[in-house]
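Down below is the structure, laid out as structure tokens.
The values are calculated or read from the model by the stated rules, or taken from the named source; none is laboratory data. Worth saying up front: this structure is predicted, and the values here are computed from it rather than measured. Accessible surface areas use protein heavy atoms only, side chains included; no ligands, DNA or RNA. Shrake-Rupley method; radii C 1.70, N 1.55, O 1.52, S 1.80 Å.
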Amino acid sequence: SVPWEYRSTRSRRPGRPLPAWRENLLQLVVACTVTFLVGAVLQLNKLAVLDSAGRQFSQESYASKTGFLVPFAISKALCNLVVGGLADRYGRKRIAVLGWVVGLVAPVMVLSAPTSPDGWATVVSSAAFLGMQQGLVWS
């Protein structure tokens, strides 16, 4: 038993075990909270990139502004395909840590991108690293 494991203080009635979600309520709340926060960060990233695409990087068409979603989707899909085998071979914790390390590349690339139309390619390619992070950590 781990110290953060939720322990039910209710006495069980004979023949009526508690549902699994009630047994692990604390873990469920933590997992839902982390999932919500990660989703919120991703949405804020998308909104910030879309906003800066027009103002800082002189992208005018909607297609060019949303082009950063394509490398994200492709790299996440590819990592989703291989993450199970990698986790079985090297361990889930190692792959998750690798995913977080890969994910650190994305903000560095965005922050170092020049604020000219040429910098947009850097922002778009950073989305591939964010997709790899999502595929390795959250799959």
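Screening the chain for DSSP H helices whose Cα atoms reach 15 Å or more along their own axis and whose mean Kyte hydropathy is at least 0.5 gives 25-55, 69-90, 92-103, 120-137. Rounded, prolate or oblate: pick one for the stretch 69-125, where a ≥ b ≥ c are the square roots of the eigenvalues of its C-alpha gyration tensor, a/c under 1.5 means rounded, and failing that, prolate if a/b is larger than b/c, else oblate. Oblate, since a/c reaches 1.5 and b/c is not below a/b. Once the 1.4 Å probe is applied to the protein heavy atoms, the chain comes out at 68 Å² accessible per residue. Highest mobility in the GNM of the chain, judged by mean-square fluctuation with C-alpha springs under 10 Å and restricted to Gly103, Gly84, Gly67, is found for Gly84.
Under 10 Å, Cα contacts only: if you run a Gaussian network model on the chain, which one of Asp51, Asp118, Asp88 comes out with the highest mean-square fluctuation? Taking springs between Cα atoms under 10 Å, the residue moving most is Asp88.
Alpha carbon centre of the stretch 28-43 versus the stretch 68-138: separation in Å? Between the Cα centre of the stretch 28-43 and that of the stretch 68-138, the gap is 18 Å. Our compactness index for the chain, the C-alpha radius of gyration over the empirical 2.2 N^0.38 Å, is 1.41.
Springs join every pair of Cα atoms under 10 Å in this Gaussian network model of the chain, and among Pro19, Pro71, Pro114 the largest mean-square fluctuation is at Pro19. Pairwise inverse Cα distances across the stretch 92-138, averaged and inverted, put the Kirkwood hydrodynamic radius at 10.9 Å.
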